[in-house]
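The structure appears below as structure tokens.
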Amino acid sequence: WRHPQRGLIMPGAFLPLAEATQQISEIDRWVLRTACQNFTEWWQWMGHGASLAVNVSPMEILDSRFLPYTLATLGTHGI
């Protein structure tokens with residue numbers, strides 16, 4: 001994360017706080033949406049050799065809304 005005043009902040013510095021404050025779900029969903037948007041563009045450029053991997057919090061995986069949201073997001077982007 002590039003903070004305007006503090007510069008580059010590494011994930012280990014802000015992800016524990018995001019998990020503790022229940023903000024991690026919003027971050028994970030933003031990451032998934034952004035990765036899918038980018039992947040759609042890369043797929044058009046690279047073709048069938050492209051693949052996609054996204055790291056998410058274990059807390060997100062345990063959330064019953066995670067799978068439906070992920071499937072819907074993949075479908076929205078044609079992945």
task: Could you grab the pairs with beta carbons closer than 9 Å, sequence gap of 6+ or different chains, first residue in segment 33-45 and of a type in the set (S, T, N, Q), second one surrounded by fewer than 15 Cβ atoms within 10 Å (Cβ to Cβ)?
output: 40/78; 40/79
message: Give me the residue from segment 45-58 that is among the polar types (S, T, N, Q) and within 27 Å of residue 17 (Cα to Cα) and, out of that set, surrounded by the most Cβ atoms within 10 Å (Cβ to Cβ).
response: 57
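Table: residues versus (1) of a type in the set (A, V, I, L, M); (2) open to solvent by less than 50 Å² (accessible area, probe 1.4 Å).
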position	(1), (2)
32	yes, yes
37	no, no
43	no, no
60	no, yes
72	yes, no
message: Of all residues being of a type in the set (A, V, I, L, M) and within 16 Å of the chain's Cα centre (by Cα) in segment 11-21, which is farthest from residue 63 (Cα to Cα)? Just the residue, please.
response: 15
message: For segment 19-30, which positions are surrounded by 15 or more Cβ atoms within 10 Å (Cβ to Cβ) and under 21 Å from residue 72 (Cα atoms)?
response: 24, 25, 27, 28, 29
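Yes/no per residue for (1) of a type in the set (Val, Ile, Thr); (2) out of contact with any helix residue (DSSP H, G or I) (no Cβ under 6 Å at 6 or more places or on another chain); (3) in a loop (DSSP other than H, G, I, E, B):
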| position | (1), (2), (3) |
| --- | --- |
| 17 | no, yes, no |
| 31 | yes, yes, no |
| 35 | no, yes, no |
| 40 | yes, yes, no |
| 43 | no, yes, no |
| 55 | no, yes, yes |
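The values are calculated or read from the model by the stated rules, or taken from the named source; none is laboratory data. The model shown is predicted, which means the values in this text are computed figures rather than measured ones. Here the Cβ is made from the backbone with ideal geometry for all residues, glycine too, and neighbour counts use every protein chain on show. Just so you know, the surface numbers come from the protein's heavy atoms only, side chains and all, with ligands and any DNA or RNA stripped out. Shrake-Rupley method; radii C 1.70, N 1.55, O 1.52, S 1.80 Å.
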